[in-house]
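Engineer: First the structure, then my questions, so here it is.
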Amino acid sequence: MTGGPALEASTVRADALAALVEAFQRSGIESPAREARISLCVASGVSQTALIVAPGEPLGVAAARVREFAARRAAGEPLSRIVGKREFWGLSLAISPQVLDPRPETESIVEAAIAIFSDRRDDPLRILDLGVGSGSILCALLAEFPEARGVGVDISAGAASVALGNVETCGLAQRAEIRVGDWTQALERPFDLIVSNPPYIPTADLAWLPREVRDFDPRLALDGGFDGLAAYRQIMQGAMSLLAPGGCLLAELGARQTAKVIAIAKQSGFTDTTAFKDLASIDRVMVARLP
């Protein structure tokens with residue numbers, strides 16, 4: 001791996017950290033000191049405490065791994081992708097190039113579901129995750145609703161494989177089924193809760209995304225068509241016939257999309273619609289209920 005700092009087995013931790021900070025600064029990495037510290041610790045397999053207590057310890061056999069991590073991160077690849085793992089809702093989940101790297105803001109879907117179904121936490125709910133990706137949302141919901149059963153659907157076989165691995169790792173395989181499919185097609189009703197984090201970036205805007213997203217998240221999980229709303233149209237049309245009476249659809253929203261997505265929901269037959277705000281008071285989740 002080229003492009004990283006020159007680190008040898010004899011390089012001590014303190015010098016390696018300084019070299020990583022400098023490399024990340026040159027590459028325009030936000031918070032280079034923090035990123036360098038985390039990268040060094042993860043790549044070398046030491047704690048941040050050990051880094052502080054023993055800064056003069058040589059890297060040894062970890063030098064090659066640190067060089068690789070540093071070069072990939074300096075090129076813009078997110079650390080979560082380099083490691084192949086992301087924490088979501090307290091769960092450690094595997095990710096791959098075939099799936100979206102779950103963002104903290106997507107946890108708002110889980111928060112909304114808990115708020116809406118607060119009096120049904122122990123009910124045998126049926127949950128459907130459309131565009132399941134890594135399985136992050138489905139795993140979090142099944143962890144929070146211990147009697148629920150879930151189905152996750154993704155058009156990507158690679159993504160479905162990652163989701164299946166994550167539900168198994170989280171001990172949820174007995175309550176989850178992962179399918180390869182196109183949104184709501186060939187699904188058996190009814191579901192009490194349908195969730196989705198669909199692709200919602202307008203095609204023309206993809207080139208302007210941060211490089212960590214543009215270059216490393218799969219385009220299939222980002223591209224929402226010419227206006228960013230193509231997936232919402234498909235989801236809304238199918239969700240009406242799949243929801244049980246009193247059921248609820250939760251879909252993550254892109255920036256400034258609330259009114260347009262709610263309009264699509266109403267055109268599809270939903271009469272009870274609203275937006276759930278995240279911790280920054282930004283509309284993050286569209287909530288559509290079936291009477």
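Bear in mind that the values in this text are calculations on the coordinates, not laboratory data. What you see is a predicted model, and the numbers here were worked out from it, not measured in a lab. Here Cβ is always computed from backbone atoms with ideal geometry, including for glycine, and neighbour counts include all displayed protein chains.
Engineer: With an 8 Å cut-off on Cα pairs and a minimum separation of 6 or more residues, tell me the relative contact order of region 13-76 in percent.
Structural biologist: 43 percent
Engineer: In addition: Pairs of Cα atoms under 8 Å, at least six residues apart: use those to get the relative contact order of the chain, whole percent.
Structural biologist: 14 percent
Engineer: Write out the GluC sites (Glu not before Pro) in region 188-270 meeting two conditions: DSSP loop, and at most 14 other Cβ atoms within 10 Å of their Cβ.
Structural biologist: Those satisfying the criteria are 188.
Engineer: Among the chymotrypsin sites (Phe, Trp or Tyr not before Pro) within region 166-252, which fall in a DSSP loop and have no more than 15 other Cβ atoms within 10 Å of their own Cβ?
Structural biologist: 226
Engineer: Same structure, new question: Just order 7-18, 268-279 by mean Cβ neighbour count inside 10 Å, highest at the front, would you?
Structural biologist: Descending mean neighbour count gives 7-18, 268-279.
Engineer: Looking only at the chain, where both bridge partners belong to it, what percent of the DSSP beta bridges are antiparallel (to the nearest 5)?
Structural biologist: 45 percent
Engineer: Let me ask something additional. Residue 114 to residue 280: extension gain in nm, 0.36 nm per residue of separation minus the Cα-Cα distance?
Structural biologist: The residue 114-residue 280 span can extend by a further 57.9 nm.
Engineer: While we're looking at this one, here's another question. What share of all Cα pairs of region 13-76, in percent, falls into each consecutive 5 Å distance bin?
Structural biologist: It works out to 3, 21, 35, 25, 12, 4, in whole percents.
Engineer: Round to the nearest 0.05 the FRET efficiency obtained for residue 61 and residue 103 when R0 = 41 Å and r is the Cβ-Cβ distance.
Structural biologist: Efficiency for this residue pair is about 0.75.
Engineer: Among 174, 257, 234, whose mean-square fluctuation peaks in a Gaussian network model of the chain (Cα, cutoff 10 Å)?
Structural biologist: For the chain, modelled as a Gaussian network with Cα springs under 10 Å, the answer is 174.
Engineer: With unit charges on the beta carbons (Lys and Arg positive, Asp and Glu negative) and the dipole taken about the Cα centre of region 96-289, which residue among 185, 279, 151 sits farthest to the positive side?
Structural biologist: About the Cα centre, the residue reaching furthest to the positive side is 185.
Engineer: Still on this structure, please answer the following. Looking at the chain, I'd like the Rg to Rh ratio, where Rg is from alpha-carbon atoms and Rh is Kirkwood's inverse mean 1/r.
Structural biologist: Over the Cα atoms of the chain, Rg/Rh equals 1.04.
Engineer: Amide H of residue 284: which non-local residues (sequence gap of 5 or more, or other chain) have their own amide H closer than 5 Å, using H built in the peptide plane?
Structural biologist: 276, 277, 278
Engineer: With each run of n ≥ 4 DSSP H residues scored as -39500 (n - 2.57), what mean residue ellipticity at 222 nm is computed for the chain after dividing by its residue count and rounding to the nearest 500 deg cm²/dmol?
Structural biologist: Roughly -11000 deg cm²/dmol at 222 nm, from the helical runs in the chain.
Engineer: Still on this structure, please answer the following. Hey, got the dipole for region 96-289? About the Cα centre, +1 on K and R Cβ, -1 on D and E Cβ, debye to the nearest 20?
Structural biologist: 420 debye
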